[in-house]
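This report concerns only the one structure given below.
FYI, it's all coordinate maths here, none of it is from the lab. Small disclaimer: the values here were computed from a predicted structure and weren't measured. In this analysis, Cβ positions are derived from the backbone assuming ideal geometry, glycine residues included, and neighbour counts consider all displayed protein chains.
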Amino acid sequence: MRSRIFFKLMFVFLLVIGATAITLQLTVHKVWERTLHEQIERNLRQKTLMFAYRVEADRQHSLADITSQEGQAAGARATVIDPTGKVLADSEADPSTMENHAGRKEFAAALAGQMGVDERGSRSVSVPFLYVAAPVSGGAVRLAYPLPEMEITDRPLAVALFWGSLAAFVFAMAVAAAASQYVGRRLQRIVNFAERVAGGDLTARIASSSTDEIGQVAAALDKTTRGVEESYARVQTSQRELETLLNSMQDAVIAVDVDGRVQWANRGMDRLLLRAPRLNAPLIDSVRDPEFLAAIQQAAREQVVTSARSNTIASGRTFDVTAAPMPGGGAVAVLRDLTETERMEKSRRDFIANVSHELRTPLTSIQGYTETLLDSPLADNHVREFLEIIRKNSARMSRLTEDLLTLARVESGEQRFDIQRVSTEELLQDAWESFREVARSYGVELEMENSVPTVYVNADREAIHQIFSNLIENALKYAASGKKVILGARESEIGVEFYVRDLGPGISSEHLHRLFERFYRVDKARSRESGGTGLGLAIAKHIVLAHGGTIRAESELHHGSSFLFNLTASEANAD
Ligand code: ADP
């Protein structure tokens, strides 16, 4: 089947060539007609002049004979008139029957002494005539030539012109057909090439040696396809690299689309699940863990990074789930196996707890014997001094083991808290009463301010007392120079914020975010000297966290420090 562009081109060529042939026909015809007309007119003028000359010069023949002979010789109608316009002789009619001719345009000119020419239809015959009149002494002569004669002469020319045009038309159409076919074939090659590329065959190539516009289109398409193939190869390579990377990871990774259908999962994920996730199947078919599903759904829906702890994906194992939204919609989740880390963490805590526990008895014994020896009258001053050092250090070690045990219990979650509804007033009052006197012994005034006395929080009294104890002891140890420590409570976003504020030397900002780490001290020597273990704030932090609260420190050098912790308000407050 010929391409459609072929027929379109052929149709256009047909129109153009047809229009050209017709225009040519009309133009040539017109020019030819005009040339012929001019030639006839020139001939007729000469014949009329000769007729006039003969009328003037021939004295042997009658006027009627001359007129008739000249008419015949010229192949035209000859007429002679006198100056008044009266017809004297005519080659085709009886002059006596003819009307006065002075008014005819060509005669009027001739009677005025000039050649007169006119073209019009004759009254007697319907065809147009060319009239040429010339002056003679005693009147004027005229020849009238019928113009249809000219058309008769013209017809062979028209026929020749028609055949010539037809031949030119046929030839032009043949050339046009060949050109159309050539163009159509070249365009068809481009179409075939484009269809191959559209069908996904990026190895398709189209070679073109021509530099015309079609050649340029082919070259541009070829270059584009080559570029796309290279980019595609690069994308495939980086995708394979990414897949290898993700598959070699210990962590399990899974990606879902906006509808929660699995888009991709690495080998770690396949190994983890009993049934490996199928592509495009709902995630819930292979994973049932509610925390994991909620995290990935939230990440996909709200476009936020979410994290969760999952215990039921694989039995006996705990995972830390981090789900992040993907740019095109959907989310990707990474599952990190925490089982081993948690086991190690637990054995570390158990070890510390066991060591602390084991040290307790010998330390108590050392302390007991040291005190007994100190009480003994046998010891001299020198020995007493040593014994005092032993007592002080064993007391410190004992505090350290106690703090380590407390921290291990709170961290591990072994410590059971007796959470009750308790008023902020009660908690503050309790702490204030316990430490008022101690503070005074340091020369410090312990003040209490409470803007929310009637608000209740959910807390374990003993545990909160322990936090206040650690914070107030610190304030007395490190900030007694401020002479005042303020204990207070105020409303916060989640419930109540308790604080212990001192007016001591303050803590510089680079230490603030590390203060709650175990054994972190701003000034080690000062801490040891004052009997600190470096665990007070760590214990306070873990107790607050176990209550679902938060703790922080605010301070500015030389302007005192504030330690603040938030506890959730009891729902019963709403009553
Ligand atoms: P420590 O047993 O050494 O007091 P903590 O965990 O209770 O351990 O405190 C950690 C460190 O924070 C302390 O060593 C001290 O340098 C600093 N610190 C705590 N409270 C204050 C305070 N009120 N003013 C200045 N420094 C403080």
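Here are a few things to note about the model shown:
- Neighbour-count ranking [beta-carbon atoms within 10 angstrom, fewest first] of M448, M344: M344, M448
- Between region 421-496 and region 300-342, the Cα center-to-center distance that results, in Å: 40
- Förster radius 25 Å - calculated FRET efficiency between F7 and R189 (Cβ-Cβ, nearest 0.05): 0.90
- Going by neighbour counts of Cβ atoms within 10 Å, the residues T306, T364 line up, fewest first, as T364, T306.
- Gain on full extension, evaluated as 0.36 nm per residue between V217 and E99 minus their Cα-Cα distance, stands at 34.4 nm.
- Calculated FRET value between E554 and E229, using beta carbons and R₀ = 56 Å, to 0.05: 0.35
- Dipole magnitude of the chain, debye to nearest 20 (Cβ charges: Lys/Arg +1, Asp/Glu -1, about Cα centre): 2000
- L338/A207 FRET efficiency (R0 56 Å; Cβ-Cβ; nearest 0.05): 0.40
- Under the membrane-span-like helix rule (DSSP H runs whose alpha carbons stretch at least 20 Å along the helix axis, mean Kyte-Doolittle hydropathy -0.5 or higher), the chain yields 4-57, 148-198, 381-412, 461-479.
- Farthest positive-ward along region 26-65 dipole, Cα basis, beta-carbon charges - from F51, T35, H61: T35
- With all pairs of different C-alpha atoms in the average, the Kirkwood value for the hydrodynamic radius of region 420-568 is 15.3 Å.
- Placing +1 on each Lys and Arg Cβ and -1 on each Asp and Glu Cβ, with no other charges, gives region 420-568 a dipole about its Cα centre of roughly 540 debye.
- For region 250-337, the normalised intensity computed at q = 0.15, 0.19, 0.21, 0.26 Å⁻¹ comes to -0.44, -0.73, -0.91, -1.45 (log10 of I(q)/I(0), Debye sum over alpha carbons, equal scatterers, no solvent).
- Positive minus negative residues near E517 (Lys, Arg vs Asp, Glu; Cβ under 13 Å): +3
- Per-residue [θ]222 nm for the chain (sum of -39500 (n - 2.57) over DSSP H runs n ≥ 4, rounded to 500): -18500 deg cm²/dmol
- Alpha-carbon geometry of region 160-230: the Rg and the Dmax are 18.3, 65 Å, given in that order.
- Think of the chain as having a plus end and a minus end, set by charges on the Cβ of Lys, Arg, Asp and Glu; of T550, N192, N474, N192 sits farthest toward the positive end of this dipole.
- Share, in percent, of DSSP beta bridges within the chain that are antiparallel, nearest 5: 90
- Mean separation of Cα contacts under 8 Å, 6 or more apart, over the residue count of the chain: relative contact order %: 7
- Potential lengthening between F351 and F171 on full extension [0.36 nm per residue; Cα-Cα distance subtracted]: 54.1 nm
- The ranking of Y131, Y456, Y499 from fewest to most other beta carbons within 10 Å of each one's beta carbon is Y499, Y456, Y131.
- With a simple spin-label model that places each label point 7 Å from the Cα along the Cα-to-Cβ direction, the separation between S412 and Q303 comes to 4.7 nm.
- Of the residues L373, F519, V87, the one whose Cα sits farthest toward the positive end of the charge dipole of the chain, with +1 on the Cβ of Lys and Arg and -1 on the Cβ of Asp and Glu, is V87.
- Within straight-line reach of K47, meaning a Cα separation under 20 Å, sit the following aspartates and glutamates at least 8 residues removed in sequence or on another chain: E38, E56, D58, D65, E70, D82, D90, E92, E106, D118, E119, E149.
- Taking the empirical scaling 2.2 N^0.38 Å for compact globular proteins as reference, the chain has a Cα radius of gyration ratio of 2.51.
- Taking 19 Å as the cut-off, the amide N atoms of region 97-114 that come nearer than this to a point 7 Å along the Cα-to-beta-carbon line of L49 belong to 106-107, 109-114.
- Mean projected area (nm²) of the alpha-carbon convex hull when region 1-146 is viewed from all directions: 12.0
- Compared with the direct C-alpha span, the chain from L26 to R514 gains 165.2 nm at full extension, assuming 0.36 nm per residue.
- Each Lys and Arg Cβ is given +1 and each Asp and Glu Cβ -1; about its Cα centre, region 345-437 then shows a dipole of about 360 debye.
- Pairs over the 25 Å Cα-Cα cut-off, from the set K346/K524; K8/K30; K477/K541; K392/K541: K346/K524; K8/K30; K392/K541.
- Taking all pairs of distinct alpha-carbon atoms in region 341-412, Kirkwood radius in angstrom: 13.6
- Inter-label distance, nm, simple model (7 Å from Cα along the C-beta direction), R421/M249: 4.7
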